[in-house]
Amino acid sequence: MSLRARVTWAATLVLLVSVVLTSLALEQAFHASARSAREERLLGQIYLLMAAADADDGGLTLPRDLAEARFSMLGSGLYAQVADARGVPEWRSLSALGEDIPFDANLAPGEHRFHKARDSRERAFFVEGFGVTWTIGPTPRNYTFSVAEDLGPYEEELARFRVSLFTWLGAMSLVMLIALLLALRWGLGPLRRVAGEVAAVEAGHQARLQGDYPEELRTLAENLNTLLAHEEARQTQLGNALADLAHSLK
C-alpha cells in the first residue's frame, strides 16, 4: 500500500470515528434536554391542575374547562387524573375517557415521580405524578395528581433531529474529507517532486536533485546528490583508467 493510501485511510478512519462519537454525544444531549423539557412541562400541568382544584365534603373537584384545552379533547395525547389515597380515581380529564392510561397512584405526600410507562396495548407514555395532602374539613386527605403524555410526538421529534444531525454531519464529513485529501496532496507534493527528479536523473535528463525541499527531505536530497557525485567521480576515474590502459597498449 502506498504512503498516500496509508495516510488517506488513517485520516478517513479518524474522521469516521470522530463523526460517530460526535453524533452519539449530540443525540444523547438532545435526548436528555428533550426529556427534561417534557418533565418540566408535565409538572407545570400538575401545578395548574392543583391550582384549579376545589375541595368540598365529597373530595376534590375540577372544572370542566381547564386552561389546557387538550385535557378536554378525546385522544389529544395529554391526559390527567386525580386519585385518592387508595388509588381510586376521583377525577379524570375528558381526554382520558375510555383510555387505559398508566397513571401514577398512591404516591406519598411530597413524592414526585417522572417515568416512562406503557398501557395494555403497549402504547408508551411519559407519566408525571405528584403526591399531595389536601385539608378538607378537619381531616387531611392524600391525593395523587398524575399527568400522562403520548410518547409519539417526542419520538417524532427525536427522529427529525436524527435526520437533521446525520444530514449536517454527513455534509460536514464530506467537506472535511475533501479538505484532508487536498491537504494530503499538498503535504506529499515534495515527495512527488523527489520521485520525479530521481526519475529524471535515471533517464539522464539531469545530473542532480535541484528542488528546494522541506527540512525533512533536505537531508535525503543532499545524500542522494552526494551519492550521485561520488558515482560520477568513480565513473570518471574508471574512464580515465581505461583510457590510460588503451594508450599504453598502443
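The values are calculated or read from the model by the stated rules, or taken from the named source; none is laboratory data. From a predicted model like this one, the values you see are computed outputs, not experimental measurements. As a convention, Cβ positions derive from the backbone with ideal geometry for all residues, glycine included, and neighbour counts pool all protein chains shown. Ligands, DNA and RNA are stripped out before the accessible areas are found, and what is left, the full protein with its side chains, is counted by its heavy atoms. Shrake-Rupley method; radii C 1.70, N 1.55, O 1.52, S 1.80 Å.
Here the gap between A67 and R192, fully extended at 0.36 nm per residue and compared with their Cα-Cα distance, gives a gain of 37.6 nm.
When all protein chains stay in place and ligands, DNA and RNA are ignored, the 1.4 Å accessible-area order of L21, L180, largest first, is L21, L180.
Label zone of T22 (point 7 Å out along Cα→Cβ, amide N under 20 Å): in the stretch 158-176 this covers 160-176. Approximating the spin labels as points 7 Å out from Cα along Cα→Cβ, the R141-to-L165 distance works out to 4.6 nm.
Note on M172 and A207: their simple-model spin labels are 5.7 nm apart, each label 7 Å out from Cα toward Cβ. The overall shape of the stretch 103-165, judged from the alpha-carbon gyration tensor, is prolate: a/c is not under 1.5, and a/b is greater than b/c. Across the alpha-carbon atoms of the stretch 8-95, the computed radius of gyration and Dmax are 22.4, 79 angstrom.
If R0 equals 41 Å, the separation of the Cβ atoms of Q235 and R4 corresponds to a calculated FRET efficiency of about 0.75.
In the Gaussian network model of the chain, springs joining C-alpha atoms below 10 Å, which of R86, R121, R234 carries the largest mean-square fluctuation? Between R86, R121, R234, it is R234 that shows the largest mean-square fluctuation.
What's the local net charge at A207, with K and R +1, D and E -1, over the other residues with C-beta under 13 Å away? For residues surrounding A207, the net value is -3. Taking only DSSP H segments of four or more residues, each worth -39500 (n - 2.57), what value at 222 nm results for the chain once the sum is divided by all its residues, to the nearest 500 deg cm²/dmol? -19500 deg cm²/dmol, from helical runs alone.
Taking all Cα pairs closer than 8 Å and separated by 6 or more residues, the relative contact order of the stretch 108-250 comes to 11 percent. A straight chain from H31 to R86 at 0.36 nm per residue would run longer than the Cα-Cα distance by 16.3 nm.
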